[in-house]
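The values are calculated or read from the model by the stated rules, or taken from the named source; none is laboratory data. In this text, all values refer to a predicted model and were calculated from it rather than measured experimentally. In this analysis, Cβ positions are derived from the backbone assuming ideal geometry, glycine residues included, and neighbour counts consider all displayed protein chains. With ligands, DNA and RNA removed, areas are computed over all heavy atoms of the protein, side chains included. Shrake-Rupley method; radii C 1.70, N 1.55, O 1.52, S 1.80 Å.
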Amino acid sequence: MLVFKTKLGELDIDDKEIIVFENGMPGFEQLRKFSVISLKETLPIMWLVSLEDEHIAFPIIDPWILTKDYEFEISDEDVEELEIKDKEKIAVWVILTIPYGNPKETTVNLLAPIVVNLESGKGKQIILNTEKYTTKHKLSSFKK
């Protein structure tokens, strides 16, 4: 177990819980090590926290909680980069943008899902080549 200072406080993170984004994330290319943290008080929203910059944490959610129709193809290049051998052993999350002081205006980025190979610990935010999704789907537009 390693202790990391994060936006959510000091956390004990096991090596197996570290997700490595080899090229960082768009806009945060210098950050490569993250972990997903689940807090009881924010579920189903979880947190992708940087283990290299204690000020960075992204609220994330399983897109299929929001819409059962969410779908996309993972390119052969991304499968190779993430070392995916079994598509059943990946996790997919999308990032929420929660405006400060105005959570009712929260949006979801369905255009750029985060895909993590749960076996290798490699992750990537994949920008989809589609007009079906945007970076700003209103959270309130999804049926409960």
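Couple of notes before you dig in:
- Val79 β-branched (Val, Ile, Thr), in a strand (DSSP E or B) and surrounded by 15 or more Cβ atoms within 10 Å (Cβ to Cβ): no
- Ile56 meets all of the listed conditions (1) farther than 15 Å from Gln125 by Cβ; (2) surrounded by fewer than 18 Cβ atoms within 10 Å (Cβ to Cβ); (3) of a type in the set (Val, Ile, Thr) but one, namely (1).
- Condition check for Phe72: open to solvent by less than 50 Å² (accessible area, probe 1.4 Å), of a type outside the set (Asp, Glu) and in a strand (DSSP E or B): no
- Of all residues in the range 98-132, those satisfying the criterion of being open to solvent by 20 Å² or more (accessible area, probe 1.4 Å), out of contact with any Pro (no Cβ under 8 Å at 6 or more places or on another chain) and farther than 14 Å from Val79 by Cα are Pro99, Tyr100, Gly101, Asn102, Pro103, Lys104, Asn109, Leu111, Asn129, Thr130, Glu131, Lys132.
- From the list Leu8, Leu39, Leu43, Leu2, the lone residue that is at pLDDT below 95, open to solvent by 40 Å² or more (accessible area, probe 1.4 Å) and touching a helix residue (DSSP H, G or I) at 6+ places or on another chain (Cβ under 8 Å) is Leu2.
- Candidate set from the range 18-57 (those that are among the hydroxyl-bearing types (Ser, Thr, Tyr) and within 14 Å of Lys7 (Cα to Cα)); member that is nearest to the chain's Cα centre (by Cα): Ser35
- Matching residues, the range 133-144, being assigned to a loop (DSSP other than H, G, I, E, B) and either more than 20 Å from Lys68 (Cβ to Cβ) or open to solvent by 50 Å² or more (accessible area, probe 1.4 Å) (or both): Thr134, Thr135, Lys136, Lys143, Lys144
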